[in-house]
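Please read the structure below before turning to the comments.
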Amino acid sequence: ARVLASVQRYFETCTTLGNANTAFYQVTGELWGRHQPFNPLPGFAPDMPYFCLRVPTGGGKTFLAASAVARVNTHLLRSDHSVVLWLVPSDAIREQTLKALRDPGHPYHQALKQAGAVTVMELDEAKAITRSTLDTSTVVIVSTVQAFRRDRTDGLKVYQSSGALMQHFDSLAPAQRDILLRDEDGTAPYSLANVLRMRRPFLIVDEAHNARTEISFATFERFNPSGVMELTATSDTEKVPSNVLHSVGAAELKAEQMIKLPVLLAAEPDWQQ
(Lines give C-alpha, C1' and ligand atoms only; values in the text may rest on other atoms or scores of the structure.)
Protein backbone atom coordinates (compact mmCIF):
# COMPACT_ATOMS: atom_id res chain seq x y z
CA ALA A 1 0.00 0.00 0.00
CA ARG A 2 2.87 2.39 0.79
CA VAL A 3 4.53 1.71 -2.57
CA LEU A 4 1.30 2.38 -4.46
CA ALA A 5 0.71 5.53 -2.44
CA SER A 6 4.14 6.76 -3.55
CA VAL A 7 3.29 6.03 -7.19
CA GLN A 8 -0.03 7.84 -6.91
CA ARG A 9 1.61 10.84 -5.25
CA TYR A 10 4.18 11.07 -8.04
CA PHE A 11 1.49 10.91 -10.74
CA GLU A 12 -0.59 13.57 -9.01
CA THR A 13 2.42 15.86 -8.69
CA CYS A 14 3.40 15.30 -12.33
CA THR A 15 -0.09 16.40 -13.35
CA THR A 16 -0.15 19.39 -11.01
CA LEU A 17 3.29 20.71 -11.93
CA GLY A 18 3.30 19.57 -15.56
CA ASN A 19 6.91 18.49 -15.16
CA ALA A 20 8.00 14.96 -14.22
CA ASN A 21 11.51 16.16 -13.37
CA THR A 22 10.42 18.69 -10.75
CA ALA A 23 7.74 16.31 -9.51
CA PHE A 24 10.28 13.56 -8.80
CA TYR A 25 12.53 15.98 -6.91
CA GLN A 26 9.60 17.24 -4.84
CA VAL A 27 7.99 13.86 -4.09
CA THR A 28 11.22 12.14 -3.04
CA GLY A 29 11.79 15.03 -0.66
CA GLU A 30 8.31 14.58 0.79
CA LEU A 31 8.61 10.79 1.08
CA TRP A 32 12.17 10.37 2.31
CA GLY A 33 13.31 13.79 3.47
CA ARG A 34 15.96 13.76 0.70
CA HIS A 35 15.34 15.42 -2.66
CA GLN A 36 16.65 13.07 -5.35
CA PRO A 37 17.78 14.36 -8.75
CA PHE A 38 15.81 13.21 -11.78
CA ASN A 39 17.79 11.25 -14.40
CA PRO A 40 15.99 11.50 -17.77
CA LEU A 41 16.25 8.62 -20.20
CA PRO A 42 18.52 9.39 -23.17
CA GLY A 43 16.53 10.25 -26.29
CA PHE A 44 13.26 10.92 -24.44
CA ALA A 45 11.55 14.13 -23.43
CA PRO A 46 13.38 15.19 -20.25
CA ASP A 47 10.11 15.67 -18.37
CA MET A 48 8.53 12.28 -19.26
CA PRO A 49 7.52 10.41 -16.07
CA TYR A 50 10.22 7.81 -15.54
CA PHE A 51 10.73 6.02 -12.24
CA CYS A 52 11.74 2.78 -10.63
CA LEU A 53 10.25 0.64 -7.87
CA ARG A 54 13.03 -1.31 -6.20
CA VAL A 55 11.47 -4.36 -4.55
CA PRO A 56 13.27 -7.58 -3.52
CA THR A 57 12.38 -10.88 -5.15
CA GLY A 58 9.17 -12.18 -3.61
CA GLY A 59 7.96 -8.68 -2.79
CA GLY A 60 5.03 -8.69 -5.22
CA LYS A 61 6.39 -6.63 -8.13
CA THR A 62 3.84 -8.03 -10.60
CA PHE A 63 0.93 -7.29 -8.27
CA LEU A 64 2.25 -3.74 -7.80
CA ALA A 65 2.49 -3.27 -11.56
CA ALA A 66 -1.06 -4.53 -12.12
CA SER A 67 -2.36 -2.28 -9.35
CA ALA A 68 -0.53 0.73 -10.81
CA VAL A 69 -2.48 0.62 -14.09
CA ALA A 70 -5.62 2.16 -12.57
CA ARG A 71 -3.46 4.89 -11.07
CA VAL A 72 -1.87 5.58 -14.46
CA ASN A 73 -5.33 6.15 -15.94
CA THR A 74 -6.79 8.18 -13.08
CA HIS A 75 -3.91 10.24 -11.75
CA LEU A 76 -1.44 10.56 -14.65
CA LEU A 77 -3.28 10.35 -17.97
CA ARG A 78 -6.68 11.48 -16.61
CA SER A 79 -8.34 9.04 -19.01
CA ASP A 80 -10.79 6.16 -18.76
CA HIS A 81 -8.58 3.98 -20.96
CA SER A 82 -4.93 3.65 -21.90
CA VAL A 83 -2.47 1.36 -23.64
CA VAL A 84 0.05 -0.38 -21.41
CA LEU A 85 3.07 -2.10 -22.93
CA TRP A 86 4.18 -4.64 -20.32
CA LEU A 87 7.72 -5.78 -21.12
CA VAL A 88 9.35 -8.85 -19.56
CA PRO A 89 12.82 -10.39 -19.99
CA SER A 90 11.94 -13.89 -21.28
CA ASP A 91 9.30 -15.98 -23.03
CA ALA A 92 8.80 -18.09 -19.90
CA ILE A 93 7.97 -15.02 -17.80
CA ARG A 94 5.79 -13.67 -20.63
CA GLU A 95 3.68 -16.83 -20.63
CA GLN A 96 3.37 -16.85 -16.84
CA THR A 97 2.41 -13.17 -16.74
CA LEU A 98 -0.14 -13.50 -19.56
CA LYS A 99 -1.80 -16.49 -17.92
CA ALA A 100 -2.11 -14.75 -14.54
CA LEU A 101 -3.30 -11.39 -15.91
CA ARG A 102 -6.00 -13.14 -17.98
CA ASP A 103 -7.27 -15.40 -15.20
CA PRO A 104 -10.37 -13.77 -13.62
CA GLY A 105 -9.66 -15.56 -10.34
CA HIS A 106 -6.04 -14.49 -10.06
CA PRO A 107 -5.07 -11.55 -7.81
CA TYR A 108 -3.10 -9.98 -10.69
CA HIS A 109 -6.22 -9.84 -12.88
CA GLN A 110 -8.31 -8.52 -10.01
CA ALA A 111 -5.73 -5.76 -9.46
CA LEU A 112 -5.90 -4.86 -13.16
CA LYS A 113 -9.69 -4.68 -13.02
CA GLN A 114 -9.39 -1.64 -10.76
CA ALA A 115 -8.86 0.18 -14.07
CA GLY A 116 -12.30 -0.90 -15.34
CA ALA A 117 -12.66 -2.65 -18.68
CA VAL A 118 -9.33 -4.31 -19.47
CA THR A 119 -8.13 -6.32 -22.47
CA VAL A 120 -4.97 -8.39 -22.00
CA MET A 121 -3.23 -9.68 -25.11
CA GLU A 122 0.06 -10.97 -26.43
CA LEU A 123 2.01 -9.30 -29.21
CA ASP A 124 0.72 -11.49 -32.05
CA GLU A 125 -2.87 -10.61 -31.11
CA ALA A 126 -1.99 -6.92 -30.97
CA LYS A 127 -0.87 -7.00 -34.61
CA ALA A 128 -4.56 -7.10 -35.57
CA ILE A 129 -5.96 -4.95 -32.75
CA THR A 130 -9.09 -2.98 -33.60
CA ARG A 131 -9.70 0.68 -33.04
CA SER A 132 -12.83 -0.09 -31.01
CA THR A 133 -10.84 -2.25 -28.58
CA LEU A 134 -8.43 0.62 -27.93
CA ASP A 135 -11.30 3.10 -27.56
CA THR A 136 -13.36 1.03 -25.09
CA SER A 137 -10.86 -0.66 -22.77
CA THR A 138 -7.44 -0.37 -21.20
CA VAL A 139 -5.28 -2.60 -23.37
CA VAL A 140 -2.35 -4.40 -21.76
CA ILE A 141 0.09 -5.92 -24.28
CA VAL A 142 2.52 -8.37 -22.69
CA SER A 143 5.73 -8.99 -24.62
CA THR A 144 9.46 -9.47 -24.30
CA VAL A 145 11.69 -6.50 -25.04
CA GLN A 146 13.50 -8.60 -27.65
CA ALA A 147 10.32 -9.06 -29.71
CA PHE A 148 10.45 -5.37 -30.71
CA ARG A 149 14.00 -5.43 -32.04
CA ARG A 150 14.22 -4.72 -35.75
CA ASP A 151 17.00 -7.25 -36.24
CA ARG A 152 14.62 -10.14 -35.40
CA THR A 153 12.12 -11.52 -37.90
CA ASP A 154 9.22 -11.42 -35.44
CA GLY A 155 10.22 -7.94 -34.33
CA LEU A 156 10.37 -6.65 -37.91
CA LYS A 157 6.65 -7.46 -38.34
CA VAL A 158 5.85 -4.88 -35.68
CA TYR A 159 7.17 -2.17 -38.03
CA GLN A 160 5.62 -3.47 -41.28
CA SER A 161 2.34 -2.39 -42.83
CA SER A 162 -0.71 -4.52 -42.09
CA GLY A 163 -4.09 -4.24 -43.77
CA ALA A 164 -5.69 -5.22 -40.47
CA LEU A 165 -4.47 -1.94 -38.96
CA MET A 166 -5.50 0.50 -41.72
CA GLN A 167 -8.55 1.65 -39.74
CA HIS A 168 -6.28 3.30 -37.16
CA PHE A 169 -4.93 5.72 -39.78
CA ASP A 170 -8.19 7.13 -41.11
CA SER A 171 -8.68 10.90 -40.83
CA LEU A 172 -5.43 11.63 -38.99
CA ALA A 173 -4.61 15.23 -38.17
CA PRO A 174 -1.37 16.63 -39.64
CA ALA A 175 0.22 16.65 -36.18
CA GLN A 176 -0.52 12.92 -35.83
CA ARG A 177 0.97 12.13 -39.21
CA ASP A 178 4.10 14.10 -38.39
CA ILE A 179 5.03 11.78 -35.49
CA LEU A 180 4.70 8.51 -37.41
CA LEU A 181 7.71 6.30 -37.99
CA ARG A 182 8.65 6.14 -41.66
CA ASP A 183 10.29 3.64 -43.96
CA GLU A 184 13.42 4.44 -45.95
CA ASP A 185 11.28 5.69 -48.85
CA GLY A 186 9.50 8.16 -46.56
CA THR A 187 6.16 6.38 -46.32
CA ALA A 188 4.48 5.82 -42.97
CA PRO A 189 3.45 2.14 -42.73
CA TYR A 190 0.18 0.96 -41.23
CA SER A 191 2.19 -0.78 -38.54
CA LEU A 192 1.61 -1.76 -34.93
CA ALA A 193 4.62 0.40 -34.04
CA ASN A 194 2.83 3.43 -35.44
CA VAL A 195 -0.46 2.53 -33.76
CA LEU A 196 1.38 2.39 -30.44
CA ARG A 197 3.25 5.59 -31.19
CA MET A 198 -0.02 7.46 -31.73
CA ARG A 199 -1.55 6.01 -28.55
CA ARG A 200 1.52 6.81 -26.40
CA PRO A 201 1.60 3.62 -24.30
CA PHE A 202 2.66 3.59 -20.68
CA LEU A 203 5.62 1.21 -20.34
CA ILE A 204 6.00 -1.28 -17.49
CA VAL A 205 9.46 -2.85 -17.60
CA ASP A 206 9.69 -5.96 -15.43
CA GLU A 207 13.13 -7.10 -14.23
CA ALA A 208 14.36 -3.79 -15.62
CA HIS A 209 18.02 -4.49 -14.84
CA ASN A 210 17.91 -6.91 -17.82
CA ALA A 211 16.63 -4.24 -20.23
CA ARG A 212 18.99 -1.34 -19.65
CA THR A 213 20.93 -1.31 -22.92
CA GLU A 214 21.21 1.27 -25.68
CA ILE A 215 19.21 -1.03 -27.97
CA SER A 216 16.44 -1.34 -25.39
CA PHE A 217 16.25 2.40 -24.80
CA ALA A 218 16.12 3.03 -28.56
CA THR A 219 13.28 0.48 -28.76
CA PHE A 220 11.35 2.22 -25.99
CA GLU A 221 11.77 5.63 -27.61
CA ARG A 222 10.10 4.47 -30.85
CA PHE A 223 6.76 4.12 -29.07
CA ASN A 224 6.65 7.71 -27.79
CA PRO A 225 5.63 6.50 -24.31
CA SER A 226 3.58 8.54 -21.87
CA GLY A 227 5.72 7.21 -19.02
CA VAL A 228 8.07 4.40 -17.97
CA MET A 229 7.90 2.42 -14.75
CA GLU A 230 10.73 0.03 -13.95
CA LEU A 231 10.45 -2.91 -11.56
CA THR A 232 13.61 -4.50 -10.24
CA ALA A 233 15.41 -5.78 -7.18
CA THR A 234 18.72 -4.29 -8.37
CA SER A 235 18.42 -0.85 -9.92
CA ASP A 236 21.16 0.75 -12.02
CA THR A 237 23.06 3.40 -10.09
CA GLU A 238 25.93 4.11 -12.49
CA LYS A 239 25.66 3.93 -16.30
CA VAL A 240 22.04 5.13 -16.74
CA PRO A 241 20.85 5.67 -13.17
CA SER A 242 17.28 4.68 -12.42
CA ASN A 243 15.00 7.14 -10.67
CA VAL A 244 14.18 5.09 -7.57
CA LEU A 245 10.86 6.46 -6.31
CA HIS A 246 10.32 3.80 -3.64
CA SER A 247 12.75 1.21 -2.30
CA VAL A 248 11.60 -1.73 -0.19
CA GLY A 249 14.13 -3.43 2.07
CA ALA A 250 14.27 -7.11 2.93
CA ALA A 251 13.55 -6.27 6.57
CA GLU A 252 10.22 -4.74 5.52
CA LEU A 253 9.26 -7.94 3.71
CA LYS A 254 10.22 -9.97 6.75
CA ALA A 255 8.07 -7.77 8.98
CA GLU A 256 5.13 -8.35 6.63
CA GLN A 257 5.84 -12.12 6.66
CA MET A 258 6.53 -12.09 2.90
CA ILE A 259 9.95 -13.75 2.94
CA LYS A 260 9.82 -16.99 0.96
CA LEU A 261 12.04 -19.69 2.48
CA PRO A 262 12.75 -22.99 0.72
CA VAL A 263 11.29 -26.21 2.10
CA LEU A 264 13.73 -29.06 1.59
CA LEU A 265 12.27 -32.57 1.51
CA ALA A 266 14.14 -35.86 1.64
CA ALA A 267 12.71 -39.39 1.32
CA GLU A 268 13.21 -41.60 4.39
CA PRO A 269 12.50 -45.27 3.60
CA ASP A 270 12.23 -46.25 7.31
CA TRP A 271 8.84 -44.96 8.44
CA GLN A 272 9.91 -45.20 12.08
CA GLN A 273 12.71 -42.70 11.38
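The values are calculated or read from the model by the stated rules, or taken from the named source; none is laboratory data. These numbers were taken from a predicted model, which means no experiment stands behind them. Virtual Cβ from ideal backbone geometry, glycine too; neighbours counted across all protein chains shown. With ligands, DNA and RNA removed, areas are computed over all heavy atoms of the protein, side chains included. Shrake-Rupley method; radii C 1.70, N 1.55, O 1.52, S 1.80 Å.
Based on Cα contacts under 8 Å between residues 6+ apart, the chain shows a relative contact order of 25 percent. Peptides 46-55, 2-11 ranked from most to least packed by the mean count of surrounding Cβ atoms within 10 Å: 46-55, 2-11. Report the calculated FRET efficiency for residue 36 and residue 233 (r = Cβ-Cβ distance, R0 = 30 Å), to the nearest 0.05. Computed FRET efficiency for residue 36 and residue 233: 0.95. Once the Cβ-Cβ distance of residue 179 and residue 122 is raised to the sixth power relative to R0 = 25 Å, the FRET efficiency obtained is 0.45. Considering only protein heavy atoms, what per residue accessible area in square angstrom results for the chain with a 1.4 angstrom probe? Here the per-residue accessible area is 51 Å².
Take every Cα pair under 8 Å whose residues are at least 6 apart in sequence, average their separation, divide by the length of the range 59-137, and the relative contact order is 38 percent.
Model label points for residue 270 and residue 131, set 7 angstrom from Cα along the Cα-to-Cβ axis, are 7.8 nm apart. Here each label is just a point 7 Å from Cα along the line to Cβ, and for residue 247 and residue 19 those points are 2.6 nm apart. Distances longer than 26 Å among the Cα atoms of the chain: what percent of all pairs is that? Considering the chain, 44 percent of its Cα-Cα pairs are separated by more than 26 Å.
Working note: 222 nm ellipticity from helices only, DSSP H runs with n ≥ 4, each -39,500 (n - 2.57), summed and divided by the residues of the chain, gives -10000 deg cm²/dmol to the nearest 500.
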